[in-house]
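I have placed the structure first, in the form of structure tokens, so that the comments after it can refer back to it.
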Amino acid sequence: MNNNAIRYNQLDPAIETRVEALLTQMTLAEKVGQLVQVVPFGSLEPDEMLKRIQEAKETGASFQSVFPPRPGINEDIRNGTVGSILNLADAALVNQYQRIALEESRLGIPLIIGSDVIHGFRTIFPIPLAESCTWHPALLEQASRVAAQEAAAVGIDWVFAPMVDVGRDPRWGRVAEGAGEDPFLGMAMAQARVRGFQAGDLANGRRVAACPKHYVGYGAGEAGRDYNTVDISERTLRDVHLPPFKAAFAAGAGSVMSSFNEIGGVPVSANGFVLGQVLRQEWQWPGVVLSDYEAIRELIPHGVAADLKEAARLAILAGVDMDMMGDAYHQHLAELVGEGIVPEVVVDEAVRRVLRLKMGLGLFERPYVDESLAAQVTLRPEDRQLALQAAQESMVLLKNEGNLLPLSPGKEHLALIGPLAAARRDLLGTWTLFGREEEVESVLAGIQGHLGSEAALSHMPGSTLAGDEPIDAASVVALAENADVVIMVLGEGHNMSGEARSRACLGLPGRQQELFDIVAQAGKPVVVVLMGGRPLIVPKLIELADAVLMAWHGGIRAGQAIADILFGAANPSGKLTTSWPRAEGQIPVYYGHKNTGRPMEGTGTTQFMEPFKSRYIDLPNEPLFPFGYGLSYTTFVYRDLIVETPVIDANGSLIVSAMIQNSGSHTGTEVVQLYIRDVVGSVTRPVKQLRGFQRVTLQPDEEQRVRFEVSVHDLGFTGLDKQYVIEPGTFKVWIGPNASEGLVGDFEVA
Ligand code: GLC
């Protein structure tokens, strides 16, 4: 993909000179203004808000233009006391506010417009967790570039993405927004998205800055409850949660969003260790730290700030540069400086970072948006095709008993049953502020497209998502009995996943399990298409269904993609990036776990009559499906692993390969995975760690030797002294189709 992505994390002397020249002219009030980000609209009663949003949908207007403007926003911009606006996506309104900033304020500093563009702007791609299951960074880079192109056309300069939180707890609704449980895969996806968002060849020379989030550890909330307490070791922080952020910065990200959570008693927005020591001392990163929404104000309910003034003091001294909607800096920062409590140089440094980003984006030269641009770059055919490819590659075939799939269109009378079969809005998933449900293809439409109008296809929802209506079992059974194959589309609605959507019970919502049980009794072959923003705990369904496809929330082309897979026009290649639990009781269950002193594979203790081991007495330890798992319509054979470098030195690389053969009858793409294990370390090491993956497409019978090169520098960890260390010793290496199987070898680090 384009390698001319722009970097916002390097100091450009010309920009630094301009920043200093501007800073010296600024009053304290104007400096504080640069650190204030607000929404552009006033508050509305919920039902009035919904009415206005519906009105906007009907007229195609932006919802900002139908909302009342934020009281006093023009004066605030004119006085230079607001430096950024969020969730504004309307070129005319952006130009209106920029004109006030450029032409009516004293110094003419442009606004920076930020917005949540998480998996597409208008061309909505699959949710990020689904996209990560493609294991296809180049595709995610292209998708992010499309999103940047469409967002930039309506005046957005700053996307609050990628979300790079490592999520190992599917009770947490925001696992939907990330790249799963593994830091190494997360690093690859973070880099791809940053490069895509910050592409240097957007239309009209527009630019977009990425903002990786939520820094840091947000995915480790206790009990999978959103915003909940995080209490993890520094080693886990450094080896699991920080790496994707460091990778995003290495790809050029020049801003980051601080998270809501505390870490070990210190909320991140007041946490000098992660915001100061790690970001600034260790990483020397010069970017902007933007707080999450009201996160500074939330230091009060966290119980570390008695009032908003104290919250402002804690946050600015810890290193939060810009206050998103907390009103803490707007109200108290100048006062804190005036009282000598906050040195002005601290404010200056925050302002430098903001001005640096605005200049890097070219906003001083190009503050206004070409209002005709949006029509040229939105929902283009090539972008819709990319969304289809992303949806196809993101879906994971979990089961295909007797190769029931692919179906042959027109040969079988199909019954399509389930509350998501004709759904559209739900397929957009969470965080799709600007997606439009009328642009989504439903599964019903996708299947009809394959079958043509004459084919026998009967459809009924069978139940609602909420399960608030009784199921007409007789009609459901009759429909199923008349069909050769039943296709069910079941799962979570879009508002059952995402922020503040943690679930304690991860089964099918409503009465969908009952609906499945009724259909299963009809005794016909059943294909289940599951949708949702997380793995679902549906062991009985998976046992009884003949085929199960996890389609996640697949974006505007989901219906077409699902039909393409069901009828064999696309061969599934998606692989899970999050382990699939058997029960909520196993959570957190992830492949990169530690061995413990009493592993299942070990002898356990002989203290009692039976060997006591780290296990459950009512379930296996392993997940139902492992990280990296996904079936294809063909089969792949792995053989002949060769460790070309049995010993590597302190600057060497491991070179290892294996032969992969397509032993089936369909052309298919396999994601070949490489894992290592550091057998003995100065601290306990995970039993497996992903350190490489490659997608290979093979014709039937075709074989290919897949080769990996892993730098010794990727084999280190945070040692006893909290420094990154690479230790000599024996390592194991696997090349395989997922985290639980593969060819094994070993090598030494000298
Ligand atoms: C939300 C989310 C964050 C988002 C921000 C602005 O609460 O936590 O991901 O970017 O507020 O909408």
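Considering each of 445, 421, 375 in turn, give the residue that is surrounded by fewer than 21 Cβ atoms within 10 Å (Cβ to Cβ), of a type in the set (A, V, I, L, M, F, W, C) and at pLDDT 95 or above.
On the way: 421 fails: surrounded by fewer than 21 Cβ atoms within 10 Å (Cβ to Cβ); 375 fails: at pLDDT 95 or above.
Just a single option satisfies the conditions, and that option is 445.
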Restricting attention to segment 607-617, does a residue exist that is of a type in the set (S, T, N, Q) and in a loop (DSSP other than H, G, I, E, B)? yes
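Let's see how each residue does on (1) within 21 Å of residue 571 (Cβ to Cβ); (2) without any contact (Cβ under 8 Å) to a residue 24 or more places away in the chain; (3) of a type in the set (Gly, Ala, Ser):
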position: 635; (1), (2), (3): yes, no, no
position: 650; (1), (2), (3): no, no, yes
position: 653; (1), (2), (3): no, no, yes
position: 656; (1), (2), (3): no, no, no
position: 661; (1), (2), (3): yes, no, no
position: 676; (1), (2), (3): no, no, no
position: 690; (1), (2), (3): no, no, no
position: 705; (1), (2), (3): no, no, no
Which condition number in (1) closer than 16 Å to residue 87 by Cα; (2) of a type in the set (A, V, I, L, M); (3) buried (at least 16 other Cβ atoms within 10 Å of the Cβ) is the one that residue 53 fails? (3)
Pick from 208, 230: which is in contact (Cβ under 8 Å) with a residue 24 or more places away in the chain, β-branched (Val, Ile, Thr) and within 30 Å of residue 491 (Cα to Cα)? 230
Would you tally the residues in segment 425-453 being in contact (Cβ under 8 Å) with a residue 24 or more places away in the chain and either more than 16 Å from the ligand (Cβ to nearest atom) or of a type in the set (Gly, Ala, Ser) (or both)? 20
What do you reckon, is residue 90 at pLDDT below 95 and buried (at least 16 other Cβ atoms within 10 Å of the Cβ)? yes
Residues that are hydrophobic (A, V, I, L, M, F, W, C) and without any contact (Cβ under 8 Å) to a residue 60 or more places away in the chain: list the helices (runs of 4 or more DSSP H) wholly contained in segment 471-571 that include at least 2 such residues. 473-481, 512-521, 539-544
Enumeration of residues in segment 734-750 that are on the phi < 0 side of the Ramachandran plot and either among the small types (Gly, Ala, Ser) or out of contact with any Phe, Trp or Tyr (no Cβ under 9 Å at 6 or more places or on another chain) (or both): 736, 739, 740, 745, 750
Are any residues in segment 126-163 more than 16 Å from the ligand (Cβ to nearest atom), polar (S, T, N, Q) and either closer than 19 Å to residue 95 by Cβ or under 13 Å from the mean Cα position of the chain (by Cα) (or both), and if so, which ones? 132, 134, 149
Segment 557-587 - residue that is farther than 17 Å from residue 446 by Cβ and among the aliphatic types (A, V, I, L, M) and, of those, surrounded by the most Cβ atoms within 10 Å (Cβ to Cβ): 576
Taking segment 424-442 and keeping only residues that are buried (at least 21 other Cβ atoms within 10 Å of the Cβ) and under 20 Å from the mean Cα position of the chain (by Cα), one is left with 426, 427, 428, 429, 430, 431, 432, 434, 435
Looking at segment 642-685 only, could you name the residues that are of a type in the set (S, T, N, Q) and within 26 Å of residue 626 (Cβ to Cβ)? 657, 661, 662, 663, 665, 667, 669, 673, 684
Mind counting the residues in segment 18-45 that are part of a helix (DSSP H, G or I) and surrounded by 12 or more Cβ atoms within 10 Å (Cβ to Cβ)? 11
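From the list 240, 216, 256, which one is out of contact with any strand residue (DSSP E or B) (no Cβ under 7 Å at 6 or more places or on another chain), within 15 Å of the ligand (Cβ to nearest atom) and in the same structural domain as residue 277 (by TED's automatic domain parsing)?
Only one candidate passes the filter, namely 216.
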Selected residue (only one of 174, 193, 207 is away from the ligand (no atom under 16 Å from the Cβ) and in the same structural domain as residue 91 (by TED's automatic domain parsing)): 207
Can you pull out the residues in segment 219-237 that are touching an Asp or Glu at 6+ places or on another chain (Cβ under 7 Å) and within 14 Å of the ligand (Cβ to nearest atom)? 219, 226, 228
Somewhere in segment 58-81, is a residue within 30 Å of residue 427 (Cα to Cα), modelled with pLDDT of 95 or more and touching a Phe, Trp or Tyr at 6+ places or on another chain (Cβ under 9 Å)? no
When you scan segment 1-17, do you find a residue that is within 16 Å of the ligand (Cβ to nearest atom), at pLDDT below 95 and surrounded by fewer than 19 Cβ atoms within 10 Å (Cβ to Cβ), even just one? no
Looking only at segment 259-270, which residues are away from the ligand (no atom under 16 Å from the Cβ) and either under 19 Å from residue 499 (Cα atoms) or not in a helix (DSSP H, G or I) (or both)? 263, 264, 265, 266
Just one listed residue, out of 535, 525, is surrounded by fewer than 20 Cβ atoms within 10 Å (Cβ to Cβ), touching a strand residue (DSSP E or B) at 6+ places or on another chain (Cβ under 7 Å) and at pLDDT 95 or above, and it is 525
Within segment 288-314, considering residues that are part of a loop (DSSP other than H, G, I, E, B) and away from the ligand (no atom under 16 Å from the Cβ), the one surrounded by the most Cβ atoms within 10 Å (Cβ to Cβ): 305
I need a count of the residues in segment 46-73 that are of a type in the set (Phe, Trp, Tyr) and either part of a loop (DSSP other than H, G, I, E, B) or touching an Asp or Glu at 6+ places or on another chain (Cβ under 6 Å) (or both). 1
Which of (1) outside any strand (DSSP E or B); (2) modelled with pLDDT of 95 or more does residue 204 not meet, given it meets every other one? (2)
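The values are calculated or read from the model by the stated rules, or taken from the named source; none is laboratory data. Given the structure is predicted, the values throughout are model-derived calculations rather than measurements. Note that each Cβ is placed from the backbone with ideal geometry, even for glycine, and that neighbours are counted across all protein chains shown.
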